[in-house]
Structure formats: C-alpha cells, structure tokens
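I have placed the structure first, in the form of structure tokens, so that the comments after it can refer back to it.
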Amino acid sequence: MNRETGAGLLHRLTSYSPDREWDVPADDPRVRHDLTPNDPDTHPPFTKGYPGQPRLALPRELPTPGTSATAVLAGHRPAPHLLDAAQLGRILFLGAGIVRVAERRGREHPFRASGSGGARFPLEVYASTCGVEGVPDGVHWYDPEAHALVQVGPPAEGSATTLVVTGVPWRTGWRYAERGWRHLYWDAGTLLSQLSAAAASVGRPPRLRTLFPDATLRALVGADGVHEYPLALLSLGDAAPAVVPSGAALLGDLPPVEFPLCTEAQRAGERDTLGEPWPDGAPLDDAPPAGSIDEVILRRGSQRRMDPERTLPRSHLDWPLRAALRGITVPHWVVVHGVEDTAPGVYRWPDLVYPGELRDELTRVCLDQGLAGDAAYVVIAAAPAAELDDRGYRDAQLAAGLVEGRLHLAAYALGAGATGMTFLDSEVPALLRLPEDTVTLLFTCVGVPSYRARRGGPPGAPTTFRPVTPPPGLTPAGGSVLGCGPLRRPPRRPDAAGSGRTGRGRPPATRRSAARTSRAARTWRR
C-alpha cells in the first residue's frame, strides 16, 4: 500500500496519534480545513431524497421464520422460503430499517437496525429485483422511513435479486471528516452482516461481492462517484447478479459536499470486472441455544456501558469468534480482560501472544474511551500494509466491519453486549507486537452490559428512547451524548513531578481509579 497516493494516503492522513486531538485535521492541504464538525447548520439529511417519486409500500407485518441467530451465524441453512415483497421487506428492514428514534437538539434522530459510527448511517440500499412476487422487476431504492421502495431504474440484466450498498461520505464526514471514509466500509460490513443473516435465515444464500465494475454499478443505481459510490453487492442466490443496467437511473438528491481525498481514494480502487463472491467458510458443528435472528437484531444495540467487575464464560469468547471469522482472511487479535479460565493478555486466538493486565492500556489506545477497558475482551482487526492495494484496503475495512457485525449478533444472542471502537492508529502495532507499518482496521468490545436496551420496533413504529447519559464528571466532546465523539473528563491539574504519564497525559493510577468509580460509555460508535 502506497501511503503517498490513493487509499494509503487517506489512511496516513486520517490516522490518530497522541500528539493530535481526534477532531483536529492533519496539517496537509489535501485535507479540508474549512468544515466545522458537528455543525447543526450543515447537518446532512438522514437519507437520500427522491421527491415526488411514487413509492411501493412494503408489508409492515413481517414474516417470522423463527431461525435461531446462532444457527444462522454457524452457517446452518434452512429450506428456501418464497422471496416475495414481505420477505424482501423483512431482509431490508433487518439491515437498514429504522428501529428506534431519539430526540436530539429538537430533531428526531433515527437509529437503524445495524450499527453505525456516531449513528450516522452513511449508507443507502438498493434492490435490483428479479421475480420477486409483489415487486416489479427493476432497480429500487429502499426508503427506510416509509418502509417502501422507489423505482429508480429499469430491470437490470442478470438473474439473482441483488442488493447494492452505497456510501455517502458527507453523512459521516460531517462528524469525522475524511476519516469517515473508513466508516463507510465499517458500517457497510455491519449492515451486510445483518442483511446476510436475514437472507440466510430463510434459505436464500447471501452472495457478497466487493470486486465489481464500479462505473457499471454507479450507472445502475444513479450514484455520481463523488457524493455517493457503490461499496458492495449482496445477491440473494447463486445465479448471476442483476447488476448490468439496461437504462439510465434517477440520480436523487444529496448535498453537494465533497471530500477530494475520499474521492481520490475511492477512484484509486476502481476496477472493471465482476469478481467471485466471498467464501462462506465451513459451517460450525455447534450452535448454542438462542432466540431467532429477527429477535436478536431488534434487541441489538451498541452497548454504551459495560460492567468491568463481571466476567464472561470462555464459551462466550470462543464461539462468537469462530462464528464471526468464518470465511474471513483478515487477521484478528483478541485482548482478554475478564474471561473465565483465560489468562488476561493479547491473543492471536487461541494462542497467547503475551500475558498481561491491559485494561488501562486499552483505554488509552482507544482515546480514553472506557468501554475498551470495561469490556471482557476486545477484538482487533489489523493487516500487513504490504498485502493491501487500493482495492484490498477497502475489502479489509469492510471485512473488519463484517466481523464486528457478526460479533454483535453473537454477543447479543448469548446475553452479552458489544460495541465498535476507534483507536490511536500509532499505538496499536506496539500493543499487538507487530511491525510499525501494520494497518489497524477496527476494534470491537464485547462484555457484560450494565443496562438492558429497549427492543427496537417494527416497520413504521420505531421505539422511542432516551440515550444513555454519562456519569457525573464527564463531558461530551461534541456537545451531546448521542453519537458524539469521545467523552472527556475536565482537565486535571498536572502532577508536581510531571512524570508517570502515558498517552494522553493522565497518570496511570489516576486513570484506573477514576475508571473504577465512573467509567462512562465513551464509545465512538452508537
């Protein structure tokens, strides 16, 4: 990976280190300095717009196949169900539907079924349908607010109904600037984990492709390649995906805000061929008892508080990891804090890399966000830079998000909780004892929840909730606890000697004692 061009340059210029606050852009002219993060006056819309276009309402009474979440994650497949409007609507809703709403600054803020950094959900989903009963063949945009389809293009060439996931960089860049380009792929991975699970639970083999002709896919869904671009395809079956456009697509409305660095990174990875689908991975022999995949998805949320005094059984580490990593080649490590019958330390599971109590170090590496230290274990995706090119970098980020999404589902199925987490890029190679040029991708924290989240609602009736607030003494960097940046304590008076400091300038003993009494849900992701 060349760190002077394309995705490599974006990775370098958006990497966090202890010498710069997370919301301060790199001192480089290729990074925008004229945008104010979290500015209410420039808040992007939550979805793309197709004003005046007719909508095909999808049934709000969703089918209930009852397939257990663990059976789906283990790769066990039931007999195929009919793919009709209700079933397609169910699959779309369990990935991209609005399941909760909260009020923020006088505005209703929708939360989708799948997790997203800062609850931005910078994705759109299109369905290129073939033979779906009750839905005309064609290319349709999924409207999550109305639980409806808007036809944006004529039927495409191909045989398998295919979902196209696109990314809108400004929707996440409004908070995270150019680093938001990474979030596109992380969030696409978590979304795809749930779309795939919903499809597999009714015997529809989900076939994920990330190698495709970018220009063809842009034309298929009406993405301009600057303010929106295709990220992945998910075909609902083994036939040829319906992705070759037979006519022009409607463009739709998006704010015309560009991040040139993101545009160049995306273009550097463009290709002109359709690749093979990602491998499934061998099914697991075991699947612990659990609720249905539909029930688990509606219970799932990004946990904002975990109990550091409680541990998880070893089975709640081993099984979720095996399920999440099926078919995935991107390397993952595990930092264990509180797992029964397992020594604390860093693992390339199941092998111990080195032992140690690392709660404080993980908190520091994750920008003093306490969930990294409160979790029972933290899963870290990272890859050698030499093995990534501009397209491979995109795939690796998406794979990390896919694993995170599966870990969420597995954790909630087994009664635990999970959340994604950002990190100081510069500090991770030493933590994992890897070369300095290692590309860190994503952290996922799994632990014992300190509260029970309200279950998400069905189409058209999302659950109203109030976000979990931090304990006294913590203030949100972005001025809100809903999808904000890291929460920070007020500055402390430096110690007299000025020694014993690590990372962000807090003495280790002070950090740990404060963590014991008031660890907050300082998570980067919802």
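The values are calculated or read from the model by the stated rules, or taken from the named source; none is laboratory data. Everything numeric here is computed off the predicted structure, so don't read it as measured data. For neighbour counting, all protein chains shown are included, and Cβ atoms are generated from backbone atoms with ideal geometry for every residue, glycine included.
All but one of (1) farther than 17 Å from Val446 by Cα; (2) of a type outside the set (Lys, Arg); (3) part of a strand (DSSP E or B) hold for Val330, so report the exception by its number.
(3)
Find the residue count for segment 2-29, including only residues that are within 14 Å of Phe423 (Cβ to Cβ), of a type outside the set (Val, Ile, Thr) and surrounded by 15 or more Cβ atoms within 10 Å (Cβ to Cβ).
Selection size over segment 2-29: 5.
Give the residues of segment 299-319 that are of a type in the set (D, E, K, R), in a loop (DSSP other than H, G, I, E, B) and under 26 Å from Arg120 (Cα atoms), sorted by residue number.
Correct list: Arg300, Arg304, Arg305.
Here are Thr129, Thr166: which of them is within 22 Å of Asp187 (Cα to Cα), polar (S, T, N, Q) and in contact (Cβ under 8 Å) with a residue 12 or more places away in the chain?
Thr166
Where residues in segment 172-202 are within 14 Å of the chain's Cα centre (by Cα) and of a type in the set (D, E, K, R), which of them is farthest from Leu35 (Cα to Cα)?
The qualifying residue farthest from Leu35 (Cα to Cα) is Asp187.
So which residues in segment 99-124 are part of a strand (DSSP E or B) and crowded, with 24+ Cβ neighbours inside 10 Å?
Once the filter is applied, which keeps residues that are part of a strand (DSSP E or B) and crowded, with 24+ Cβ neighbours inside 10 Å, segment 99-124 yields Val99, Phe111, Arg112, Gly117, Leu123, Glu124.
Quickly run through segment 358-391 and pick out the residues that are among the acidic types (Asp, Glu) and under 22 Å from Ser17 (Cβ atoms).
Residues satisfying the conditions are Asp360, Glu361, Asp368.
What do you reckon, is Asp318 surrounded by fewer than 18 Cβ atoms within 10 Å (Cβ to Cβ) and within 20 Å of His183 (Cα to Cα)?
The answer is no for Asp318.
Output the qualifying pairs, or none if there are none: Cβ atoms under 6 angstrom, residues six or more apart or on different chains, first residue in segment 134-161 and modelled with pLDDT under 95, second residue surrounded by fewer than 21 Cβ atoms within 10 Å (Cβ to Cβ) and small (Gly, Ala, Ser).
none
Buried (at least 21 other Cβ atoms within 10 Å of the Cβ) and either out of contact with any Pro (no Cβ under 7 Å at 6 or more places or on another chain) or in the same structural domain as Tyr393 (by TED's automatic domain parsing) (or both): is that true of Leu312 in this structure?
yes
Going through Arg406, Arg433 one at a time, which residue ends up being on the phi > 0 side of the Ramachandran plot and in the same structural domain as Val378 (by TED's automatic domain parsing)?
Arg433
Does segment 247-262 contain any residue that is assigned to a helix (DSSP H, G or I), out of contact with any Asp or Glu (no Cβ under 8 Å at 6 or more places or on another chain), within 30 Å of Pro37 (Cα to Cα) and not hydroxyl-bearing (Ser, Thr, Tyr)?
The answer is yes, given that some residue of segment 247-262 is assigned to a helix (DSSP H, G or I), out of contact with any Asp or Glu (no Cβ under 8 Å at 6 or more places or on another chain), within 30 Å of Pro37 (Cα to Cα) and not hydroxyl-bearing (Ser, Thr, Tyr).
Going by what's in this entry, would Thr422 be described as assigned by TED's automatic domain parsing to the domain that holds Gly447, surrounded by 24 or more Cβ atoms within 10 Å (Cβ to Cβ), β-branched (Val, Ile, Thr) and more than 15 Å from the chain's Cα centre (by Cα)?
no
Report whether or not Thr42 is among the β-branched types (Val, Ile, Thr), surrounded by fewer than 18 Cβ atoms within 10 Å (Cβ to Cβ), more than 28 Å from Val439 (Cα to Cα) and touching a Phe, Trp or Tyr at 6+ places or on another chain (Cβ under 8 Å).
Criteria met by Thr42.
Given (1) surrounded by fewer than 19 Cβ atoms within 10 Å (Cβ to Cβ); (2) of a type outside the set (Gly, Ala, Ser); (3) closer than 30 Å to Val24 by Cα, where does Pro51 come up short, assuming only one miss?
(3)
Would you say Asp280 is touching a residue at least 12 places away in the same chain (Cβ under 8 Å), outside any helix (DSSP H, G or I) and either in the same structural domain as Leu407 (by TED's automatic domain parsing) or acidic (Asp, Glu) (or both)?
Yes, satisfied.
Inside segment 1-96, counting only helices (runs of 4 or more DSSP H) that do not spill past its ends, which hold 3 or more residues that are in contact with a Pro (Cβ under 6 Å, 6 or more places away or on another chain)?
In segment 1-96, the matching helices (runs of 4 or more DSSP H) lie at 85-96.
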